[in-house]
Amino acid sequence: MSTGELVIEDLRAGIPGREILQGISLTVASGQVHAVMGPNGSGKSTLAHVLMGRPGYEILGGSVTLDGIDLLALPTWQRARAGLFLAMQHPIEVPGVPLAEALAAARSSAADGGGSAAPDLAAGLEAEADRIGLDRRLLGRPLNVDLSGGERKRNETVQLAVLRPRFAVLDEIDSGLDVDALADVGRRVQAATTEWGLGVLAITHFHRLLDVLVPDVVHVLAGGRVVATGGPDLAAAVDRSGYAGYV
Ligand code: ADP
Ligand code: MG
């Protein structure tokens, strides 16, 4: 069981000439679910990208540590190896690379870094695909190529389940999912919090996901700042009244 903390402290970041994240602080402990809600353009995806080290963003201040390891000093692949996983809002197509191959590469890179993944990759992949209702035939296809939006999100979830990262950032994993798929995905991630102590930062607009993936803490992001923090009732309030009271 994983125990530790992902600590984001006064993080400021942006693109050249524009500060988008204006001082974000939050701490996700292993096994916890933190939801991040907020209007379009509030900086949610920027936060996800900056945490994972996507090129094109500048760090202007603050820190991000995973069990004391300075993530901002590391290239993306080493952040992954340290235990951070990103499910992208818009998963990219990778022609020529099947999911199984991508995961085998990720796993072998993690192996000497103390990865806690299950030993049999192929069996694990099929079991996880079945568990969230992803057609097994898609596992051999090039990553995300010609997949529907919903299939891509299930695909991201299968990757998470097989790689067993310590902390996962889910950027609108619910977008493009129908009600049943949303429940499957939400339940899988929720189970991971107790199975191996996954810590989750779930970016979402919808209370529906949070009915299955139950947040310990809810943050509302607006204008690149956390403007409200509370329990699950905060998500319900946002669902009822929108963001008008927070921006
Ligand atoms: P959210 O995910 O909350 O909808 P984003 O983080 O995607 O918001 O975007 C926040 C703001 O920063 C938006 O105004 C967006 O246009 C801008 N932005 C984010 N990333 C980039 C980028 N790489 N280049 C230019 N503008 C960006
Ligand atoms: Mg976004």
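Tabulated data
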| read-out | value |
| --- | --- |
| Cα gyration tensor, the range 23-130 - rounded (a/c under 1.5), prolate or oblate | prolate |
| Rounded, prolate or oblate (a/c below 1.5 giving rounded, otherwise prolate when a/b exceeds b/c) for the range 115-222 by Cα gyration tensor | oblate |
| Ranking by accessible area, most exposed first, for Tyr243, Tyr57 with a 1.4 Å probe | Tyr57, Tyr243 |
| Distance from the range 170-226 to the range 125-155 (C-alpha centre basis), Å | 19 Å |
| DSSP-defined antiparallel bridges as percent of all bridges, the chain, nearest 5 | 60 percent |
| Summed side-chain charge close to Gly4 - residues other than Gly4 whose Cβ falls under 11 Å, Lys, Arg +1, Asp, Glu -1 | -1 |
| Percent RCO, i.e. relative contact order, over the chain, from Cα pairs under 8 Å lying at least 6 residues apart | 28 percent |
| Folded to 0 to 90 degrees: helix 232-241 orientation relative to the chain principal axis, Cα | 70 degrees |
| Expected 222 nm ellipticity per residue - DSSP helices of 4 or more, -39500 (n - 2.57), all of the chain, to 500 | -11000 deg cm²/dmol |
| Average accessible area per residue (Å²) across the chain - probe 1.4 Å, nucleic acids and ligands excluded | 43 Å² |
| With every protein chain in place, the chain: carbon and sulfur % of accessible area (1.4 Å) | 52 percent |
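The values are calculated or read from the model by the stated rules, or taken from the named source; none is laboratory data. All values reported here derive from a predicted model rather than from experimental measurement. Ideal geometry is used to build each Cβ from the backbone, glycine not excepted, and the neighbour counts take in all protein chains shown. To get the accessible areas, we keep the full protein, side chains included, count just its heavy atoms, and leave off ligands, DNA and RNA. Shrake-Rupley method; radii C 1.70, N 1.55, O 1.52, S 1.80 Å.
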